[in-house]
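The values are calculated or read from the model by the stated rules, or taken from the named source; none is laboratory data. Not measured: the values here are computed from a predicted model. Every residue, glycine as well, gets a Cβ built from its backbone with ideal geometry; the counts of neighbours run over all protein chains shown.
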Amino acid sequence: MKKILVIISVLIVAAACAAPPTNREAAPANANVATAPSPVTEADAIAKEKAAWDAIKNKDYEAFGNMLDEGQIEVTGEAVNDKAASIANVKVFEPTDVNFSDWKFLSIDKDAFVVTYTVSYKGKYKGKEFPAESARASSAWVNRGGKWLAKYHQECPVKPAMPPPARPADKAKAAASPAASPVTAAAGPDPIANEKMIWDFLRNKNYDAFAANLASDSIEVEPDGVFDKAGSVKGVSQIDLSKAVVSDFQAVKLDDDASLVVYMSKNSGSAPNEERHATIWANRAGKWSAVFHHGGTPVTKPGAMAETKPAASPSPKMAASPPMKPMKKM
């Protein structure tokens, strides 16, 4: 009898050891899986951006607001808007016939990405119709507790590419490889300091140093196109930025390894001579680099665009540019 009881006891203990873990026991492993960010593909990114536009077109402002991060900003010609201002402004913007093209996707890190594209549309702004226009748009999205939210949006008018300024061959050669200071400065976690450093390089025509601080997969969005790293370096070498002035810096943290800096630039001799710019700096493998830049958003006075009458025939310069007044509020 004792032998039988011992056998039964052994079987009970063995069964208890082999039993599946309770919910409490399994919780730590499941918790780690739940908080891990979902990988984002280019198709995912595009779908999220289109969904924001659909919410605006459908006047579903609650859904639109739920897509925005609490610290969301929108860079417009009139101002740098926060989330509340962005939501308020889309309520007077009624886009129709919205069409997208030229999509580009850039993963900043596991918790942030940027999507850029060209958007064409027409519609009403503050109850008044405006003609069809096009803009180059960019949005940055961030992961917040497993949910992807829009953190930043900016647009600039689409303009045709301009030929580089004519200059003597010897000067052009010198500008391509100037005898500037050596590449010794390196970017750090302060995005404002990084951006000021970059503009010092540009004013001094130190294009090697400028290139050294761009990520290999960097993207630049300007009115005349979207450029990779080589295109950005070539573009700045064709512009005289020796007298450029930058001001009104504002930094926004995307995550622990990426930050956005927004500011204004003014360059005498160019038109428009005052623009809003934004750059995203990211830490990759211990090195901070500029991964994204959007420039060319002309600075306008508050309310000025709303009072502008559409031109008889829209021009590439977008004198009555709707994208600069009812810009999509991301």
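What to note about this one:
- Any pair with Cβ under 7 angstrom, 6 or more apart, that starts in segment 273-289 at a residue that is modelled with pLDDT under 95 and buried (at least 20 other Cβ atoms within 10 Å of the Cβ) and ends at one that is assigned to a strand (DSSP E or B) and not aliphatic (A, V, I, L, M): none
- ALA320 being modelled with pLDDT under 95 and in the same structural domain as ASP69 (by TED's automatic domain parsing): yes
- Where helices (runs of 4 or more DSSP H) fall wholly inside segment 188-290, the ranges with 2 or more residues that are of a type outside the set (Gly, Ala, Ser), farther than 26 Å from THR118 by Cα and not assigned by TED's automatic domain parsing to the domain that holds GLY77 are 191-203, 207-212.
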